[in-house]
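Where a number appears in this text, it was derived from the coordinates with a stated rule and is not lab data. No experiment lies behind these values; they were computed from the predicted model shown. Don't worry about glycine lacking a Cβ; one is built from the backbone with ideal geometry, like all the others, and counts go over all protein chains shown.
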Amino acid sequence: MSDIAIKVDHATKRYGERVILDQIELDVIKGETLVIMGGSGSGKSTLLRMMIGTVPVDGGNIAVMGRTICGLSTEELSEYHKSIGVLFQSGALYNSMTLGENVALPLREHTDLQDETIDIIVKIKLELVGLREHTDKLPSEISGGMKKRAGLARAMALDPQILFYDEPSAGLDPVTSAEIDELIIKLNKVLGVTSVVVTHEMDSAFRIADRMVLLDRGKFIRCGTPAEMRASTDPFVKQFINGLTEGPLTERRQSDEYVDDLLDIKV
Amino acid sequence: MNVFAPVSYVGRTAAYVVAFIGSIGLLFRDAAARAKPGLFTGRGKRLGRANLWAQMVRVGVKSIGIISLVVFCIGAILSLQMQPILNQYGAVSKIADIIGIAMLRELGPLVAAITLTGFAGASIAAELGTMKVSEELEALESSAIDPIRFLVVPRVFATTVMMICLAVIADLMGVLGGMFVCWGLFGIPPESYLNATFTAAKTRDFVSGLMKSGVFGAALSLIACHLGMTVRGGAAGVGDATTKTVVYTIVALTFIDLGFTAVFYYLGF
């Protein structure tokens, strides 16, 4: 029990009638890197946001480090947020501030540290992601990969126990993407943080994952180590990790209504 | 297509207006509750004050030139428009009285607020909207930094305070605009113009204008913050929020002004 960092227990999310996530059950073990995979609209980003606590859970429960994060007051949620770090898809750096100020912001807000101390911590965090010499640059002056690394430095500012990554390699070239993966692995090993990564990039997923989860249209399909996933005979898993166009994931799109729809227009 | 379409349109619009006013009210409540920890006590004040200062400069100081120019011209226009009419009644000497009272009570604050809507309201909405679109607001939340305390409180506080200061400048510039036209074209010396202005315009005219200005400033910044933070749908959403901010704010300012004027009228203030 004590080695579970995040326990997702029958978590459900609905938008009106539409069920986005259907009774997801999932454990994230302390110190591991768990990759959540799925196509567009699979609900993987929503699941991540529910774990972060920015999207409320409609049914079931999510507990982090043994404490529920559902139905918390603003203050309690804010306490929870201090213990986690999030890297957003675009990096989400504050555009009006330099990289150094971005990393310093959580420290200025949540600690009583002197400015000199904060400067040192900022340098350490930026050095960890290889951006120390760019401390005084604005987000508009750096590349997409650097933005993500800077976002990661900011996410780590308060030394979180858990790091969440939303599509860390989206929109990056293969080399930069591999660098970010290296960084995720390094942080996981060096700092011993638990990582939850949402991605649909298979190369990246297999590189960083200790375990992986596949979602499709809000449903849990399968969970396992990369080797287990590769060896899986499940048609969903096979199709997704091999990027095949034919299989259960795409069958629904070739619906019979297409012909009716065309005929309807003619009438 | 449907005879009830206009009815349902009116109904939906009314519901939208009520909901909009409600959400502005809620934002005001939330911002007011966070003003103290954000600016005066607590750890947030370190950043809050730096932010407040930056916003005061951005909203209030940088707009002085444009507001002065606009209100100065309004003062000049007023005196040009009124002189022929007043001349018919032999009452040109009353021109300073009228401009003074009109400026202090009404035109200085209102024109300054409308100019500030274009200058600061639109830019606040676009700024917060872009932050929302680029996940910056979510990033703030996930680092346990309350966006209302961090972004809305300094903007609303700065705009409210600076709007009052700008109204004082606008009052002055409007009177000066009228004065220069009267001096240059109608031969009324500045001393007698200013004398007439200060005899006619009472402290209560000045104060009632400033009271309105404070409410104008709060309303304009709350509308801009609300529309900015609730942007949906990327760049088009940001553009939409900016337009709505200008339009809604001008309508809101007019109604607030009407309300104030009616109340002052009945109170004899």
(message) On C-alpha positions alone, give me the angle between the axis of helix A:174-191 and the longest principal axis of chain A, in degrees, nearest 10.
(response) 60
(request) Have a look at the protein assembly as shown and give its Rg and Dmax from the Cα atoms, expressed in angstrom. (result) 29.6, 101
(message) To make sure I understand the rule: partners must be lysines, Cα under 30 Å from the Cα of A:Lys44, and not fewer than 8 residues away in the same chain. Which ones qualify?
(response) A:Lys7, A:Lys13, A:Lys30, A:Lys82, A:Lys125, A:Lys147, A:Lys148, A:Lys186, A:Lys189, A:Lys219, A:Lys238, B:Lys132
(request) Would you calculate, for chain B, the mean residue ellipticity at 222 nm contributed by helices, counting each DSSP H stretch of 4 or more residues as -39,500 (n - 2.57) and dividing by all residues, to the nearest 500? (result) -27500 deg cm²/dmol
(request) Treat every Asp and Glu Cβ in the protein assembly as shown as -1 and every Lys and Arg Cβ as +1, leave all other atoms uncharged, and give the resulting dipole magnitude about the Cα centre to the nearest 20 debye. (result) 1340
(message) At 7 Å along Cα-to-Cβ for each site, give me the label-to-label distance between A:Thr233 and B:Ala235 in nm.
(response) 5.1
(message) Compute the helix-to-body angle for A:144-155: its Cα long axis versus the longest principal axis of chain A, expressed 0 to 90° and rounded to tens.
(response) 70
(request) May I ask you to evaluate 6.51 cos²θ - 1.76 cosθ + 1.60, the Karplus curve with θ = phi - 60°, for each residue of region B:207-217 and list the ³J(HN,Hα) values in order in whole Hz, giving x for glycine and proline? (result) 5, 5, x, 6, 4, 4, 4, x, 5, 4, x
(request) Evaluate peptide A:83-92: per residue, the Cβ atoms of other protein chains within 10 Å of its Cβ; return the mean as an integer. (result) 4
